[in-house]
Amino acid sequence: MRTVGGARSVAGDAAARTRRASLPVGALLARIGAVQAEIAAAPPDRVLGVAARLTLELVGADAVLVGIREGQDVLTQARAGGHELGLAVGDGIPLEGTLAGVAIRTGEPQLCSDASADPRTDAVLNAQHGIGSSVVAPLVQEAGPVGVLSAVSSRQGHFDETDLRLVELC
C-alpha cells in the first residue's frame, strides 16, 4: 500500500469519486489509451507539455508540473494550468522535505490528501502556492527515477488512490 500523508478525508475521497462518476469505466480506459497515444505521438520537445496538459484533464487538477532532477532540486520543465498558483516553468522544487523528493528517492508514486499537515511535504511552500493536496509520480528511466509528474489542487482531499494510479499511467 502506498503512503498517504495527512488526515485521510472521507469527504475528499467522495468528492474525487463524484468528479469521476460522470465518466464510465470503459470511457475512462479509452481516454487513458488516447492520452498515452497522444504522448507517444508528440514531438520530443513537446512530450512533457502534452503529458502535463492531458494529466490535468484526466485527474481534474488545478495544475500539473513535470520536473527533472538537477542536483538537490527538481526543475520544472513543463506546466499545465496553475497560473493562479504562481507555479512556473523553470521553478526549482527542493528534493528535501517534498513529495517530489520522496517519489524520486523511493521510485514510488505518492498521494498527499492534506498538504498543510503531511510531514513529507513543506507546509510553508504549499501555503505559498495554495496547494491543498497532490499526487506525484516518479519519471523513471533504466537507471532509476529522473524526475516527477505532479498534479496539485488547491482543495484538500481532491485526489484519491484512483487519481494516483491515473497519474502513474500518464
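The values are calculated or read from the model by the stated rules, or taken from the named source; none is laboratory data. Since we're looking at a predicted model, the values are computed, not measured. Using ideal geometry, Cβ is built from the backbone for each residue, glycine included, and neighbour counts are taken over all protein chains shown.
A few remarks follow.
- Residues considered: LEU29, LEU56, LEU65. Of these, the only one that is part of a helix (DSSP H, G or I) and surrounded by 19 or more Cβ atoms within 10 Å (Cβ to Cβ) is LEU56.
- Region 100-109, residues that are of a type in the set (A, V, I, L, M, F, W, C) and either surrounded by fewer than 22 Cβ atoms within 10 Å (Cβ to Cβ) or farther than 19 Å from LEU58 by Cβ (or both): ALA100, VAL102, ILE104
- Filter result for the condition that a residue is within 22 Å of VAL50 (Cα to Cα), among the basic types (Lys, Arg) and under 15 Å from the mean Cα position of the chain (by Cα), over ARG165, ARG69: ARG165
- Applying the condition of being part of a loop (DSSP other than H, G, I, E, B) and among the small types (Gly, Ala, Ser) to region 110-148 and asking which residue is nearest to ALA61 (Cα to Cα) yields GLY132.
- Here SER150 fulfils each of the conditions (1) within 10 Å of the chain's Cα centre (by Cα); (2) more than 19 Å from VAL50 (Cα to Cα) apart from (2).
- Selection from region 116-146 of residues that are touching a strand residue (DSSP E or B) at 6+ places or on another chain (Cβ under 9 Å) and hydroxyl-bearing (Ser, Thr, Tyr): THR121, SER133, SER134
- Filtering region 68-94 to residues that are of a type outside the set (D, E, K, R), surrounded by fewer than 15 Cβ atoms within 10 Å (Cβ to Cβ) and either in contact (Cβ under 8 Å) with a residue 40 or more places away in the chain or within 17 Å of ILE131 (Cα to Cα) (or both) leaves HIS83, GLY86, ALA88, GLY92, PRO94.
- Leading residue by the ranking (modelled with the lowest pLDDT) among those in region 68-109 that are part of a helix (DSSP H, G or I) and of a type in the set (A, V, I, L, M): LEU85
- Of all residues in region 111-142, those satisfying the criterion of being of a type in the set (A, V, I, L, M, F, W, C) and either without any contact (Cβ under 8 Å) to a residue 60 or more places away in the chain or surrounded by fewer than 16 Cβ atoms within 10 Å (Cβ to Cβ) (or both) are ALA117, ALA123, VAL124, LEU125, ALA127, ILE131, VAL136, ALA137, VAL140.
- The number of residues in region 91-113 being touching a strand residue (DSSP E or B) at 6+ places or on another chain (Cβ under 6 Å) and polar (S, T, N, Q) comes to 2.
- Scan of region 25-41 for residues that are farther than 12 Å from LEU58 by Cα and not hydrophobic (A, V, I, L, M, F, W, C), ordered by number: GLY26, GLU38
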